[in-house]
Amino acid sequence: MDAGRAAPESDPGRLVRPFAIGVDGAPATSGLDLLTRVVARRPPGDDDHMRPERESLLRLAAQPQSVAELAALVGLPLSVAKLLIADMIESRDLALCTSASAVPGDDVLHMLLDGLRAL
Amino acid sequence: MASADSDNVAPHSGAGSGAEPGGQIPLAVKILVAGGFGVGKTTMVGSVSEIAPLSTEEVMTEASMGVDDLGGVEDKSTTTVALDFGRITVNQQVVLYLFGTPGQGRFWFMWDELAEGALGAVVLADTRRLDTCFPAVDFFERRRIPFVVAVNRFEGAHDYGVEEVREAVDVSADVPILLADARDRQSSKSALLALVEHVMHRRSPAMSARPLP
Ligand SMILES: Nc1nc2c(ncn2[C@@H]2O[C@H](COP(=O)(O)OP(=O)(O)O)[C@@H](O)[C@H]2O)c(=O)[nH]1
Ligand SMILES: [Mg+2]
């Protein structure tokens with residue numbers, strides 16, 4: 001978060017340490033976007049503590065949670081989080097959730113108006 | 001990846017709303033908050049979000065910065081771009097997610113994914129430097145993504161009027177422009193409402209609650 005910092009002309013970005021997270025092969029992340037919601041199929045178990053990111057994801061996704069939120073909460077860059085989440089879907093530790101159609105219809109727009117007005 | 005159909009399950013813990021076995025999770029609606037550095041994106045996301053704004057990062061590789069030579073890319077330094085987001089539970093069926101990230105040329109690789117499926121955008125304009133919103137305005141215009149312009153007024157900067165901003169930013173007459181304060185919840189809420197009304201108006205002028213000026 002950069003609140004409070006003086007506005008620079010351009011943010012040079014931050015250097016990152018390479019990540020050491022074991023993922024077998026290269027699971028396809030193409031079906032995952034920021035708002036894809038996933039949910040844990042099981043609670044974390046005793047064997048999960050050696051893989052803390054996975055353990056955290058199992059805990060954080062006890063209820064359906066967006067990929068963006070999981071990445072932020074677990075402290076991983078999105079692309080890394082997606083790789084891990086895709087791997088955990090393949091291993092059946094996480095599952096994809098579905099919601100109604102992706103395109104908000106007029107009914108949804110009216111709900112948004114009402115919801116925002118009530119804020 | 002496993003197919004969506006075979007892998008949909010209810011959460012393992014029965015608690016919580018909207019996720020009973022066989023039930024559907026709420027529809028996720030995405031609104032973007034765009035603008036230059038320091039214009040108030042994080043502030044606006046935070047002022048309306050029901051959760052403290054979260055921040056995640058995307059790794060910016062040489063490839064995503066548009067460098068052709070990928071040889072030895074693993075040795076090159078990698079930087080990140082921050083992405084803030086917040087959430088508003090609208091009702092049991094709809095959750096609104098707000099995403100804010102810099103609208104600067106080299107970050108567009110990120111915006112392509114962000115813009116995918118977005119309902120629209122609030123472009124924040126900075127009265128100290130109106131031109132910092134040009135790239136974002138251009139990005140949304142080209143993709144025909146509905147947007148409104150919210151003008152954050154900073155102390156010591158020239159106090160622009162709406163029409164002055166419209167002329168300077170050169171957006172068409174139907175794009176709503178509001179004077180806003182990202183620190184103020186009601187003001188940020190008004191910007192979001194203006195966007196939703198604008199989206200309705202674009203879909204069907206008769207559907208909008210009130211005619212836009
Ligand atoms: N005067 C004024 N200051 C603001 C407004 N919005 C944000 N700020 C301040 O501007 C600074 C940068 O805001 P921030 O949200 O971090 O900008 P970002 O880089 O776009 O995310 C912070 O110190 C805010 O308190 C506004 O509407 N009016
Ligand atoms: Mg920010």
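The values are calculated or read from the model by the stated rules, or taken from the named source; none is laboratory data. Here the structure is a predicted model, which means the values were calculated and not measured. All Cβ positions, even for glycine, are placed from backbone atoms using ideal geometry, and neighbour counts span all protein chains on display. With ligands, DNA and RNA removed, areas are computed over all heavy atoms of the protein, side chains included. Shrake-Rupley method; radii C 1.70, N 1.55, O 1.52, S 1.80 Å.
For every residue, the table says whether it meets (1) crowded, with 19+ Cβ neighbours inside 10 Å; (2) without any contact (Cβ under 8 Å) to a residue 12 or more places away in the chain; (3) out of contact with any Leu (no Cβ under 6 Å at 6 or more places or on another chain).
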position: A:76; (1), (2), (3): yes, no, yes
position: A:90; (1), (2), (3): no, no, yes
position: A:98; (1), (2), (3): no, yes, yes
position: A:105; (1), (2), (3): no, yes, yes
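Give me a count of the residues in the range B:136-160 that are in contact (Cβ under 8 Å) with a residue 40 or more places away in the chain and within 16 Å of ligand 2 (Cβ to nearest atom).
3
Which of the strands (runs of 3 or more DSSP E) found entirely inside the range B:86-193 contain at least 2 residues meeting this: within 11 Å of ligand 1 (Cβ to nearest atom) and open to solvent by less than 50 Å² (accessible area, probe 1.4 Å)?
The qualifying strands (runs of 3 or more DSSP E) are B:120-126, B:147-152.
Limited to the range B:75-104, what total is found for residues that are more than 11 Å from the chain's Cα centre (by Cα) and either modelled with pLDDT under 75 or among the β-branched types (Val, Ile, Thr) (or both)?
13
Identify, from the list B:32, B:119, B:27, the residue that is within 7 Å of chain A (Cβ to nearest Cβ), under 30 Å from residue A:98 (Cβ atoms) and modelled with pLDDT of 95 or more.
Every option except B:119 fails the conditions.
Starting from residues that are within 12 Å of ligand 2 (Cβ to nearest atom) and more than 7 Å from chain A (Cβ to nearest Cβ), keep the ones in the range B:39-52 and report whichever is surrounded by the most Cβ atoms within 10 Å (Cβ to Cβ).
Here the residue is B:44.
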